[in-house]
Each structure stands twice: as C-alpha cells, then as structure tokens.
Amino acid sequence: MAWNRLASNSRLRPRPTLVVPRPTNPPPPPHLLGRPTTPSQPLHRLLLPLSQIRFAAAATSSSFVRLLDADLSWQRALPGRGRWFASDASSAPVPAGEVAELVEVPLAQTGEGIAECELLRWFVSEGDQVDEFQQLCEVQSDKATIEITSRFKGTVHQIHFAPGDIVKVGESLLKMIVGDNQVVSHDSIASSSDISLGVDTTGPLGERNAPRGSLSTPAVRHLVKHYGLNINDIQGTGKDGRILKEDVLNYAASKGVYQEPLSALEENIGQVELPVGGKPLLETHEDKIVLLRGYQRTMVKSMTLAAKVPHFHYLEEIKCDALIELKELFQKENKDQYIKHTFLPFLIKSLSIALSKYPLLNSSFIEETNEVIFKGSHNIGVAMATGQGLVVPSIKKVQSLNIVEITKELSRLHEMASNNRLSTKDITDGTITLSNIGAIGGKFGSPVLNLPEVAIIALGRIQKLPRFDDEGNVYPSSIINVTVGADHRVVDGATVARFCNEWKCMVEKPELLLLHMR
C-alpha cells in the first residue's frame, strides 16, 4: 500500500521546468521565415539530438547541419562555450570557411653555445604544401650542418631569409598557414612583424587583397638588404606589383649605391691593345672583404684560446719500410672495391695502442676546476681541409675497431666532410687529434692544440732518405716525421718521449699489432 501511494503521489506531482536564460536572438535567416514556430525546448533536451547529429555525419546531410546551426546560433555566444558545446569542443571538426592560423617557424637552438647559423639552402618555396617533419631548410652553425624540419602540416606563406644570410637563434625563418582550409584573416596578416607581405589593411575589404608593391622573393629581399635599401620605396614592375631583381638594381643605381655595367663600346674606350693572350696594362686591384662563417669562425675561436695555453713540441722520426710492405700486401689481397688501404688507418690503430699505456695523452684539462679528465674512449680526430674550412671529425672508440673498420669510417668521414654533411656527433667529443699535413705536402709541422684536448700530432710526408745501419753502411729508408704538441700545464716532455717510443715501436714493427688485436 505504501508503495502504491508513493507511486500515485509521484504521478500527480508536476514536473519541474528547467529555466535557461536566453539572450536575444538575431533575426532568423531567410530560409526559416516561412517555417511554423514551435515552443522552445529546454537546453538539456537539445544536447543529445545535436550530439547525435554531429557524430553521425555520414548519415546526415550537410545542409541539415547548417540549418540546425543557423537556428541555434545563440548557443555559441554563451560564456565559456567553444565552437559547439563544451562536451563537443575537443572533437568538433573545423567548419568550412573558418580562419586558419598563421604561425612562425623560428630557428631553434641547434647546439650548446650556438647563437646564429648560416642559411645554406631551402628545400621548400612559398606556396608549397608541407607535411609534418618534412625538411624545410639546411643551416650551418660553427660546429655542424643541420637540416631544419617542420613541426606543422600546412602551407609555406612567406620565407624571410635567403641562402647566405645569417640567422640568429630565435629569429623567424618562415611563416606557415596551419589548417585544413588554408584561409587566413587579414588581421592576422596585418599583425605580422614583417611588413614585406605587402597587404594594406587600411582600405575597404575589397581593396585589402591588392598588393602594395612590396611582394618579392627571398633572393630579391636579400639583394635589397645587401644594398641597404628600403623595399617599400621600390616600385615593382612584375605581376601584381611584384618587385624584381631589375627593379632593385635600377633603384640602387638611381641612389648611387650600384654602378651599372658598361657597354661593350664603353669598355673598349681607352684600353691599350695588347698581343694575343696579353692583359690590359691598367688593371684595377680592389680589396675584398670576406665574412668568416661556419668552420672558419670556429677555427678563429679555438686558435685564439689555444694561443693562450703554454705548450711545447716534440719531434720524432719513424721508419715506415715494414709498414709500406704491409700496406702493399693488404692492397694486393683486397677483394672489396670500396676499400682502399692507406697508411693512416695503421697509424691510427697503433696510436690507440700507445694511448692505452699512456692515457694522460688521451685526456682533457678543465682550467676552472684544475681537473684532468681521463677519457675512456679513444676518439681520434683527423683534421680535414674542406671548401668550408678546417674541420676535425673523430673516429669513435678506436680501441674497439680493427683496421678495416677504421678504414671504412675514415672514408665515410672524408665523404661527409667533402659534401659539407658532417653531423654534430661526427665533430664533437674528440680526445686527441691527428693532422696529416704530409698528404698535402711538408716534412713536418708544429700543430696548435685543439682544446680542451691536451695533445695533437702532425704527420709529415713519407720520404726516402739515407740512413746508417749498426755497421756504418748507408741504406735507403722511408721516413716520416712526427711532431707532438702537448699542453705543458698537464703533460711533461718525458711522458711525451716515452709515449712516442711506444708508438714508434708499433709502427716500425707492425706485426706487434697482432698482439693487441681483439
């Protein structure tokens, strides 16, 4: 009976009505004027049908979704709401025609102590579609060549720098349009810090798309920067007012900062006629200023620091007759066409064995704390001359490699250095340096320390010289001069002499290397 009375009371009790404050609606759209009006439903009754409609896009026509959206447009104005409802904001698709985002892609920190990089080349152009992690450009720091990839998927909107420019860390490399529909508002473009986009936002909407005359390619902007001109003062003659190279040169000539080349007739005036193959008597020799970049700037810093360190040099000569015979035998029996045996891998391996007995030569000195760090790995650097300057990539963990493995790694580093493709890992963490200057020429050298390493070795060229045997007879011998430079704050001459004796014994009797192979 009690249950029956309770059920009867609940049926007779009026249901509470949910009152939701509703803001003033805008005038209904034209397509709704003739539709009969129905009483508004509470907001909680609209949530479920709308959610079902939005997540059943495959079964619902887009026209009905737009119709429902127009009828319920007041819900977007509620405080704290997203594009749709709060529960659907994270999963709601971007409606067609919504404004995409214009983002800047800055140059990130490429390594410790790197403040700027030189832009080498672009892999993309303005207007290109870019996927996430796609290569954008290639830059070179003081230490390595690095490829910059995209964090976004979108379209390249504007490129700020041209190849050869110096870009500081944090500066924007380019702007990208991120979004599916690739529509950017004029306010976003106008707020850009780079005015060279050429979009005038002061006029009516129909006039905003007209270029102001400062549209240009990165190469043209680089030329404008080279002559110190203001790109907004140059009248473009290209399509849509685009500034061309000729426009910049003509404007620079009018300002007196660029001299147009003389015609062929003007060049011949006043020139003295000479016999065939001769040169004009009057030649102009002008000074040329070249900005040091990349590896050359690194060399300036490292050599300036090394000049302040007290160091000494120890010279020794090593007979290479047995090494020459062994190298010729290896080359004769070589079946791999990609391997070419040279003397350097033998010298590197024997050097590693000598370092195992004298680890002080494989250390680094920390001046601030007066500490010597004995390195566990023999990462032997080899100085290489490239078109971009001197670079010292290192062969890692030589103590664990055989001669064939050293030969392959040395060949790889040579190829990467020639193509300016060395990575940061290749040129860092060296423990001792070899400078094979004899491969170019010279009997011996006096190398400068590659800090924080405490030793560096220069190899002269191998030359045939007369020598005396124990009985006083003269015989020819292949001799290489070795010069060891050492940090005298840490290493003394006696240690270097003993180290050289050990290394010399391994080179003059290469069969002893077999005792130390693993």
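I'd like the Karplus ³J(HN,Hα) series for the range 134-141: coefficients 6.51, -1.76, 1.60, θ = phi - 60°, whole numbers in Hz, and an x wherever there's a Gly or Pro.
3J(HN,Hα) across the range 134-141, in whole Hz: 6, 5, 9, 7, 10, 10, 10, 9.
5 Å is the cut-off here: which amide hydrogens, built 1.01 Å from N in the peptide plane, fall below it relative to Asp128, excluding neighbours closer than 5 in sequence?
Val156
Pairs Lys245/Lys288; Lys308/Lys504; Lys168/Lys301; Lys301/Lys504; Lys357/Lys464; Lys245/Lys301: which are spaced more than 28 Å apart, C-alpha to C-alpha? Mind showing how you got there, number by number?
Numbers: Lys245/Lys288 24 Å; Lys308/Lys504 30 Å; Lys168/Lys301 18 Å; Lys301/Lys504 33 Å; Lys357/Lys464 31 Å; Lys245/Lys301 37 Å.
Those over the limit are Lys308/Lys504; Lys301/Lys504; Lys357/Lys464; Lys245/Lys301.
Taking just the alpha-carbon atoms of the range 416-518, what radius of gyration and Dmax come out, in angstrom?
Gyration radius and largest Cα-Cα distance of the range 416-518: 16.9, 54 Å.
Express in Å², to the nearest 10, the accessible area of Lys308 obtained by rolling a 1.4 Å probe over the protein heavy atoms while all chains stay in place.
It works out to around 150 Å².
Using θ = phi - 60° and the Karplus curve 6.51 cos²θ - 1.76 cosθ + 1.60, what whole-Hz ³J(HN,Hα) does each residue of the range 350-364 get, with Gly and Pro shown as x?
Karplus-based 3J(HN,Hα) across the range 350-364 equals 5, 5, 4, 5, 5, 5, 5, 8, 10, x, 4, 6, 10, 10, 9 Hz.
Convex hull volume of the Cα atoms in the range 304-463, per residue, in Å³?
Numbers: hull volume 21.6 nm³, N = 160.
It comes to 135 Å³ per residue, whole-number rounded.
Which residues in the range 131-150 place their backbone N less than 11 Å from a point set 7 Å from the Cα of Ser377 along the Cα-to-Cβ direction?
none
What accessible area per residue, rounded to a whole number of Å², is obtained for the range 349-455 using a probe radius of 1.4 Å?
Here the per-residue accessible area is 46 Å².
Residue by residue through the range 159-169, what is 3J(HN,Hα) from phi via Karplus (6.51 cos²θ - 1.76 cosθ + 1.60, θ = phi - 60°)? Round to whole Hz and write x for glycine and proline.
9, 8, 10, 10, x, x, 6, 9, 10, 7, 4
Show Lys408, Lys335 ordered by accessible area, largest first, where the area counts protein heavy atoms only and the probe is 1.4 Å.
On the way: Lys408 115, Lys335 180 Å².
These residues rank, largest area first, as Lys335, Lys408.
Taking amide hydrogens as modeled 1.01 Å from N in the peptide plane, which residues meet the under 5 Å criterion relative to Lys397, leaving out close sequence neighbours?
Hits under the 5 Å cutoff: His378, Asn379, Ile380.
Multiplying the sequence separation of Asp131 and Ser400 by 0.36 nm and subtracting their Cα-Cα distance, what value in nm do you get? Write out the running numbers ahead of the final one.
Values: separation 269, 0.36 × 269 = 96.84 nm, distance 4.10 nm.
Separation in residues times 0.36 nm, less the Cα-Cα distance, equals 92.7 nm.
Taking amide H positions as placed 1.01 Å from N in the peptide plane, with prolines and chain starts having none, which residues 5 or more places from Cys137, or on another chain, fall under 5 Å of its amide H?
Phe123, Ile148
Leu291 to Lys168: extension gain in nm, 0.36 nm per residue of separation minus the Cα-Cα distance?
42.7 nm
So for the range 327-382, considering every pair of alpha-carbon atoms, how many percent are separated by more than 17 Å? Provide the component values of the computation, followed by the final result.
Numbers: 836 of 1540 pairs.
Here the long-distance tail beyond 17 Å is 54 percent of all Cα pairs in the range 327-382.
The values are calculated or read from the model by the stated rules, or taken from the named source; none is laboratory data. No experiment lies behind these values; they were computed from the predicted model shown. Note that each Cβ is placed from the backbone with ideal geometry, even for glycine, and that neighbours are counted across all protein chains shown. All accessible areas refer to the heavy atoms of the entire protein, side chains included, with ligands and DNA or RNA removed. Shrake-Rupley method; radii C 1.70, N 1.55, O 1.52, S 1.80 Å.
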